[in-house]
Structure formats: structure tokens, C-alpha cells
Amino acid sequence: MGTRNLDEDHILAALLDSDEEPPYADTDSEVEDHESEDDIHSDEEEDFVDEVREEEAATSFETDPMGEESSDQGTPSTASRRIITPSRRTIRGKNKHCWSTSKSSRRGRVSAQNIVRSQRGPKRMCRNIYDPVLCFNIFFTDEIISEIVRWTNAEISLKRRETMTSATFKDTSEDEIRALIGILVMTAKRKDNHMSTDKLFDRSSSTLYVSVMSRDRFDFLIRCLRMDDKNVRPVLRVNDVFTPVRKIWDMFINQCTINYNPGAHVTIDEQLLGFRGRCPFRMYIPNKPSKYGLKLVMMCDIGTKYMINAMPYLGKGTQTNGLPLGEYYVKELTKPIHGSNRNVTCDNWFTSIPLAKSLLQEPYKLTLVGTIRSNKREIPEEMKNSRSRPVGTSMFCFDGPLTLVSYKPKPAKMVYLLSSCNEDASINEPTGKPEMIIYYNQTKGGVDTLDQMCSTMSSSRKTNRWPMAIFYGMLNIACINAYVIYTHNVATKGEKALNRKKFMENLSTALTSPFMRKRLDAPTLKRYLRDTITNNLLQMSAQEPTEEDTIEPVAKKRGYCKYCPSKIKRKANAMCKKCKAVICRQHNVDMCINCFD
């Protein structure tokens, strides 16, 4: 791709450090598309399968003028013989769009659309945040939490009856909502999100969830969680079906946009949030793992998989101001990076020749690389699949800064790729594929990797309300974005970042600990719960022993532990500071400095 090279940095390495499986294969974004989104598209006019032999493929390369036989000194390279050049200088599509079959050989300075004057990383005050919970609070701000508390209490007052006098049905608070989020984060880390609440809050398996809140309280809060005013919802829903979560969604997306500066390469694709309940814009995409769900069209940074901007797909009735649906989403999602000369990679649901030309102009100033559907009227017939064309060959055509390539990977398949980066007709020597396809394959997986990371550690629970499915999706994205900012800031200091599992565990601890301490102040709290909460808080606040702690190493001579039975005869080189008795690790008790004093 000329001047556009992917930069592998420490943030991507930290993201891939967790125990996650590789991203699943790409899938189509339209319901009616049942083919793979990955570079291959069937040609409707060619249903046969051509058995091309080695001899026929070798002789058919003669269609390229550069591939004629000559002396050893003038023998063309393998890459040049893979390019088929039409005999005419210009070819036209069905709508008379004119393409040139040769690229101007004039070379000068690097094109302005390939120069990106920005550096990837957090912006503003986010550059100096190193605590997981502070990174998370960037996205789930106090304003968002207070909005949730306000309308959740309104729903609780409607459902609460006179007989419901226990603490299970009382109004909630900001600390409790953050503790609820902390429980969801811990279920994502432990992969307990699909467990029923009976198993989740079973004291025989784990006491962590019980220490935060009771099972009945957890169920009641999840059932009453609301993000908008139900009284005005019917009026607003006429113009916007996304009204139940619109305000929270806009605040969340605004935080994602203003707090991070993406790199030179971004991806636009869709994420499907699994949901099988009633929803006016629920979709069916058979190639996705969940098949049924809510479609979010989003833009992610290639290097770090940070989600920059996202919009819900509300059906074909979306108000696009006269633009095609794919073009509308690309222009709306790229608003945060307009005028920055960045490159956008997308699939054939978005890509079109008018969109590529429009993005080069003001105020967009963006380049586009993406697969394009074979039924586009701008594609000339000469580039379509033909029986005589050898497998592994490419055909290029040009229209100013636009480059269109058709590559034949199989006898009955053809892939079409469009680029507005002022590309040449270049072939990758090891693979035999065009460089445009190599670049596309390297940059197309930003959203898919984010989706895979969300599914690996997901806080989503089974629900019949689609606003809750959106809320769980926001929570998953916030955890990933917070981890990206955390790893970037920690690596900038030259320190080693936590892996993702430890990050999620620390985040859950920080969200639940304040509410757990408040529970201890309740005079009616049962004794076993008080002991359980106290033990969990001590485990959460436990620190590694240092020179100022209760033990200190003695390197002169090892001795037998004072508390181990004589049959074991366990030796140790640690000694109690008070009584100077030798103690092993089993009988060592960690204490903080304040308690030790």
C-alpha cells in the first residue's frame, strides 16, 4: 500500500497476551448475503467450475504483452506475468463509467492523502491515568451512572408494593449500581455470565458475589434497570425507536470519541449483539455466531482495536438524507476523523465508487479500501470472470486516484477490490496476490477482533429486553477501551501492564469494595455474611510482603518452622520480627502496615 504500513505496538501485544482464541472468520453484513465476506465473491454469470490444468494456465499468460517469451535477459518476472492488461486503453462499465487500463508513470512527492499527521494514543487528561477503575470511569461516567440510578429508582417505585418492606426492594444508589457493574465484570472474567443466579450466588461454590449483594437484590435490580423516562417514551419513540437507551448511548459514544486519537488505519464493520427477544430492528445474519441480534455498525482502530465510534442499525427505514445506507454509515462514523487523511477499510456492504470519490473531497479527506460487489454497474465486463482467464491472475483499471482490481483465486470465483490511495498495479511476489488485497487482509479485522474479545470475556446475560442487551454491549466495549488506555499509559511509563484477566479482576474489586464496606455498617447484617464480607475484603486488600512487613529473610541459616508438626520438618529461612521464631510460608500471615503497627 505504498506509504501506508501497519505499525505493531505494545498495546496490540498486551491485548493478545490474554488467553483468547484467534478471531473467527469474517461474515457478511446483509441478511440476504450468504457468502463469505473474505475477499471471495461468486459471479452470477459463471456457474460452472473450470478445471484449469497447469499447461493451460502457463500458455494463457500470453494475453499479457509483458509475458511474451524472450531471451533469458528479458524474461518477465512472475508478478508481471500474473497481470492481464486489456488491449484497449479505456474500458467502460454498464453505466458508462470510464476506466483507464494503464497508470501514469509520473512520480513525484507522496500524495497528500497518504500523509497522516497524528499519533495514536489517549488524549487530554487520559494520558496520566494508570488505575483500571479510573480508566473505566472515563466511559461509564458519573453522569451516566446518575442517569441510570434516577430512572431505575423510578421503576422501583412503580413495582414496589406496600408489602415489600425488606431491603431487597429499597431504592438504589450510585455505589450499588457500580457494585452491580462490578459483579457483571467479574462474571465476564470468570466466564460465569451464562450461569443462573441460583448457581451464581451459591455459597458452596463462591462467596464473592454473595458478599456484594444478595441474589434477590441482584435479580430485582436487573429487572428494574432503566435508562430513560417511561412517561415520555411513547412520544419520542415515534421518531426514534432507539429512545430507551438513546441518551445513555450518546453519552457513552461521546466519551469513546473524545478521549482517544486513532492511528492512520481504521476499520468499519458490524457487530451483532446476540438477542432473540422482541425488537423492531432485530436482525438475522446466518453467518454470525449468534445469528439473531442487534446490529451495531462501528469504527475501530486497527492497531489497538479501540472502538472509536458506533451507531445502531435501526433497519432499512433509517433516515439517511437521501444517501445509500452504506455510504451514510461511513460518513457518519468517520466524523471524528474528517480531514485527517486516514484510511478506512470496509467490506462490500459499504464500498462504492461514488463513496470513494466523495471521501477524497472536503470536508472528509479520507481514503477508502474495500471489497466491492460484482453487481456494481461501474465494473467493466472485461474484468468479470471468464473461462479463458487463468487462476491467480489480476486485472487493474484506474480512474485518477481510484484503482479497481479483479483477482481470480479459483476457477469460478472472483474478488473485486477498490482503493482510493492512488495505487499502482503491483503484485506481491511470494503470494501472487495484488498488494491491495494484502493490505485489505491486514486491516479488515479491527471490528472482528473487538467482537471476538467481547465474546471471550462477556458480561452479557440472558434477557428479554433489548435495552439490556445494548447495556451489556456497552459494558463489554467499555472494558476493552479502558484496557487499551491502561496498557498504553503503563507502557509509556516503561512498566509491564497487567494481562486482561488481572485487569478485569482489579476493576471488579475496585467497583465492588466501596459498597461491600457500606454493607458492614448495617446493624441487621447476619454474622456469617459479616464474616464473609470481611474475609473477602481482606483478600482483596492483601499485599505482597516487603522488608517492612511481619517477616524478614535470614540468609545465614535455615531452620525448622515453629508451627509445623515434627513429622513434616519443614525448613524455612523467614523469621518473625517479634518473637524471632522461624516460620514457613504456610504459617505466614500477610498484614498491611497499619494493622502491623
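The figures follow:
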| read-out | value |
| --- | --- |
| Three-way shape call for segment 231-296 based on the alpha-carbon gyration tensor, with the a/c threshold at 1.5 | oblate |
| Sulfur and carbon atoms: percent of accessible area, segment 293-437 [1.4 Å] | 46 |
| Pairs of alpha carbons in segment 296-423 whose separation is greater than 18 Å (percent) | 57 |
| Residues of type lysines that Lys502 reaches as a straight line, Cα spacing below 27 Å, ignoring anything fewer than 8 places off in the same chain | Lys123, Lys189, Lys191, Lys199, Lys305, Lys462, Lys493, Lys518 |
| Percent of beta bridges antiparallel (DSSP, segment 213-363, rounded to nearest 5) | 80 |
| Derived scalar couplings ³J(HN,Hα) [segment 200-211; Karplus, 6.51 cos²θ - 1.76 cosθ + 1.60; whole Hz; x for Gly, Pro] | 5, 9, 6, 5, 6, 9, 7, 9, 5, 5, 5, 5 |
| Kirkwood hydrodynamic radius of segment 99-251, Cα pairs, Å | 19.8 |
| Length released on extending from Arg585 to Thr197, taking residue separation times 0.36 nm less the Cα-Cα span | 136.0 nm |
| Entries of Lys288/Lys335; Lys96/Lys410; Lys170/Lys526; Lys316/Lys433; Lys291/Lys501 with Cα pairs more than 30 Å apart | Lys316/Lys433 |
| Length added when fully stretched, Arg88-Arg127, from 0.36 nm per residue minus Cα-Cα | 8.4 nm |
| Hits among lysines - C-alpha to C-alpha of Lys569 under 21 Å, sequence gap 8 or more where chains match | Lys556, Lys557, Lys580 |
| Highest average packing first - 289-300, 355-366, Cβ atoms within 10 Å | 289-300, 355-366 |
| Solvent exposure of segment 328-481 as accessible area per residue, Å², 1.4 Å probe | 28 |
| Segment Arg233-Lys501, length gained on full extension (0.36 nm per residue, minus Cα span) | 92.6 nm |
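The values are calculated or read from the model by the stated rules, or taken from the named source; none is laboratory data. Bear in mind the structure is a predicted one, so any value in this text is a computation, not a measurement. With ideal geometry, Cβ positions are generated from the backbone for all residues, glycine too; neighbour counts draw on all protein chains shown. Ligands, DNA and RNA are stripped out before the accessible areas are found, and what is left, the full protein with its side chains, is counted by its heavy atoms. Shrake-Rupley method; radii C 1.70, N 1.55, O 1.52, S 1.80 Å.
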